[in-house]
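The block underneath contains the structure these notes are about, expressed in structure tokens.
The values are calculated or read from the model by the stated rules, or taken from the named source; none is laboratory data. Values in this document were obtained by computation on a predicted structure and should not be read as measured data. A quick note on method: Cβ atoms are made from the backbone with ideal geometry, for glycine too, and the neighbour counts reach across all protein chains shown.
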Number of protein chains: 2
Amino acid sequence: MMIDTPAVVIDRERLDANIAAMATHAAAHGVAIRRHVKTHKIPEIAQMQIDAGARGITCATIGEAEVFAEAGFTDIFISYPVYLSKRAIERLNALAGEIRIGVDSVEMARAAAGLREDIKALIEVDSGHRRSGVTPSSEALTQIREALGSRYIGVFTFPGHSYGPGNAKQAAADELQALQTSVERLGGGLTSGGSSPSAQFTGAIDEMRPGVYVFKDSQQITSGACTEDQVSMTVLSTVVSRNVADRRVILDAGSKILSTDKPAWMDSHGFVLGQPDARVSALSEHHATIFWPEDVELPEIGDQLQVVPNHACTVINLVDEVYVRATDGTLEAWKVAARGKNS
Amino acid sequence: MMIDTPAVVIDRERLDANIAAMATHAAAHGVAIRRHVKTHKIPEIAQMQIDAGARGITCATIGEAEVFAEAGFTDIFISYPVYLSKRAIERLNALAGEIRIGVDSVEMARAAAGLREDIKALIEVDSGHRRSGVTPSSEALTQIREALGSRYIGVFTFPGHSYGPGNAKQAAADELQALQTSVERLGGGLTSGGSSPSAQFTGAIDEMRPGVYVFKDSQQITSGACTEDQVSMTVLSTVVSRNVADRRVILDAGSKILSTDKPAWMDSHGFVLGQPDARVSALSEHHATIFWPEDVELPEIGDQLQVVPNHACTVINLVDEVYVRATDGTLEAWKVAARGKNS
């Protein structure tokens, strides 16, 4: 198979290992896994996760849930405070299988009355990330619970403040406290949490929803959640320009495939696999600029390099298909079935 | 027409005005326009640009050129130092019409011998952006010219250092000098330049290739290249969560539609149209976090807001279609035909 670069390439052996390791980790802690498919958006990978013992899947949007329901997945949690417009309610009611949604306002808890009776709801609580979710100690928590009635089955949170070096352990503790405080106040319910970095410290919660661990990325390495040799997804790119005097190398992988995700605590847009000092210092739409390390020979025009992107989830959403490389080197194309399903 | 949010919406009247203004500006300076279609990737908009008097179009990749050639465009410049693999040469030779490519190395100037004779080349020179392109004073410039032979028709540059407040005028001067120095050394040739911010200072060059001016964006406003009332493209989004005490509002437009492009000289990921102080301070994949201005009433859950993104080009590449709103309010869907064409 001939691949035009830039292209997303997945190492099958590492992908298998990452899925197996998370299954083992969760089993050891007695925590169920409801893997987040927003990272890969690929039914083949979700099926590998289910086969490894996942309870069901997590989606970010109704559109993603539609793709995965169509592909035969029957236990889907949309872990998002979905705005329940008339049309959203129709789309949710049309989904086959066991469906759960997130709710973080009294308004939406009331609007949920329009949903099919077997669609259940989890209340989103904020464990310190300051994004969506109600404060565990707030009056809103009990009001939402009351408005949901029998639709209520538990609470969830996303400890997004786990990202950043050294933050994961505290974030996991915050998560556990937020979930426990909430279910105690509500007289019970499922507790759902877990980002990829905080998963390693997961405590007494019922289920976790890690996503990016299947691929790993530069952000996860910098966060301390994984090592370079666990990275299963890279962007294959070609050297298109070089300036010997400046030791500058330009790759054809730009922001339209690597994405520009770069939290303040990171100093680059990714790096070359096997050359951790060859960092992408600038990114245009179709150019990655690397000032090549002094002690390493400068690549030639036409050389192909694998770039470890900062954030796997936004990279996958930029391509229609990925190339999965088996240990014997053969490539298979898998469709990113839920690419672009933002709504 | 019912739109599920988040969605890209284009104001037709402002789009028309932006295209007309650039045509008037270019005509007044006697500079031809070869508009960059990477910004919109939409044949309907490219046709509007041609109708307004553009000389031809500029693409970033062979894949984009294939889409626009298929749509009937016959004068296409791929302003990129294309890596001429065997397959790239086959794809270029299969394109109908008048085709031009960029070259910035002796290796590729030689490889260009495999191209159809009527495919012409422009040498890329670096005018200060330190990305691809050879230095105008370098030996490489004349060596590439020699290797190209009769395929050579001129030089081009992208003065990308025009971005950033106050940089545009100097970048336009650098661009002019780099192009003039180069054609003087080479004994003549076409000079092609022009970013959207520097276009306002464009001097004695033959053609310019602005792209983002059709839509404008938050980056262009901050750069001083336009004002808010010229913005023709926004991301329609819905308030999905709010925290009254914290004055925090969460929209359903995240990094998977707004993209995370944020140069160091910008302090947010975009802002709400008509509310310039309502800035997106954090962006997750499906959440935009806005700390709402104290003196403005907090929006309700379900309210729809238009977000002006930081960078129009990366937003368009995240959606399959855009909604074009006429002055009478009617909406029409246009397909982003070249979305994802990275190679």
Item to complete: Kindly check whether there is at least one residue in the range A:48-66 that is within 11 Å of another protein chain (Cβ to nearest Cβ), over 28 Å from A:A172 (Cα atoms), outside any helix (DSSP H, G or I) and in contact (Cβ under 8 Å) with a residue 24 or more places away in the chain.
Response: no
Response to the item:
Checked against (1) surrounded by fewer than 22 Cβ atoms within 10 Å (Cβ to Cβ); (2) away from chain B (no Cβ under 12 Å); (3) under 19 Å from the mean Cα position of the chain (by Cα); (4) assigned to a loop (DSSP other than H, G, I, E, B), A:S196 satisfies every condition except (1)
Fill in: Count - residues of the range A:116-150 that are surrounded by fewer than 21 Cβ atoms within 10 Å (Cβ to Cβ), farther than 22 Å from A:I89 by Cβ and polar (S, T, N, Q)
4
Fill in: Residues located in the range B:51-64, provided they are closer than 15 Å to B:G211 by Cβ and not polar (S, T, N, Q)
B:A52, B:A54, B:R55, B:G56, B:I57, B:C59, B:A60, B:E64
Fill in: Per-region count, the range B:204-223, residues of a type in the set (G, A, S), in contact (Cβ under 8 Å) with a residue 60 or more places away in the chain and not in a helix (DSSP H, G or I)
1
Practice prompt. Test B:R130 against the stated conditions and say whether it is more than 21 Å from B:K341 (Cα to Cα), within 13 Å of chain A (Cβ to nearest Cβ) and out of contact with any Pro (no Cβ under 9 Å at 6 or more places or on another chain).
Written response: yes
Worksheet entry | Within the range B:36-55, considering residues that are in contact with a Ser or Thr (Cβ under 9 Å, 6 or more places away or on another chain) and surrounded by 24 or more Cβ atoms within 10 Å (Cβ to Cβ), the one farthest from B:H25 (Cα to Cα) | B:K38
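Consider A:I10 carefully, then state whether it is touching a residue at least 60 places away in the same chain (Cβ under 8 Å), among the aliphatic types (A, V, I, L, M) and either buried (at least 21 other Cβ atoms within 10 Å of the Cβ) or away from chain B (no Cβ under 14 Å) (or both).
In short, yes.
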Worksheet, complete the sentence: Within the range B:237-248, the residues that are within 10 Å of chain A (Cβ to nearest Cβ) and out of contact with any Gly (no Cβ under 7 Å at 6 or more places or on another chain) are B:S237, B:V240, B:S241, B:R242, B:N243, B:V244, B:A245, B:D246, B:R248
Item to complete: Considering (1) more than 13 Å from chain B (Cβ to nearest Cβ); (2) at negative phi; (3) in contact with a Leu (Cβ under 9 Å, 6 or more places away or on another chain); (4) not aromatic (F, W, Y), say which one A:K256 fails and leave the rest.
Response: (1)
Discussion item. Please pick out the residue among A:A253, A:A264 that is assigned by TED's automatic domain parsing to the domain that holds A:V240, small (G, A, S), surrounded by 21 or more Cβ atoms within 10 Å (Cβ to Cβ) and part of a loop (DSSP other than H, G, I, E, B).
Written reply: A:A253
Worksheet entry | Residue selected from the range B:67-77 under the condition among the aliphatic types (A, V, I, L, M) and surrounded by fewer than 23 Cβ atoms within 10 Å (Cβ to Cβ), by the criterion nearest to the other protein chains (Cβ to nearest Cβ) | B:V67
Discussion item. Please determine whether any residue of the range A:227-236 is of a type outside the set (K, R), within 14 Å of chain B (Cβ to nearest Cβ), part of a strand (DSSP E or B) and at negative phi.
Written reply: yes
Worksheet entry | Failed item in (1) crowded, with 22+ Cβ neighbours inside 10 Å; (2) in contact (Cβ under 8 Å) with a residue 40 or more places away in the chain; (3) under 26 Å from A:M233 (Cα atoms); (4) not β-branched (V, I, T), with A:P81 passing the rest | (3)
Practice prompt. Go through the residues of the range A:142-153 one by one and say whether even a single one is away from every other protein chain (no Cβ under 14 Å) and touching a Gly at 6+ places or on another chain (Cβ under 7 Å).
Written response: yes
Practice prompt. Go through the residues of the range A:284-305 one by one and say whether even a single one is buried (at least 24 other Cβ atoms within 10 Å of the Cβ) and within 18 Å of B:H269 (Cβ to Cβ).
Written response: no
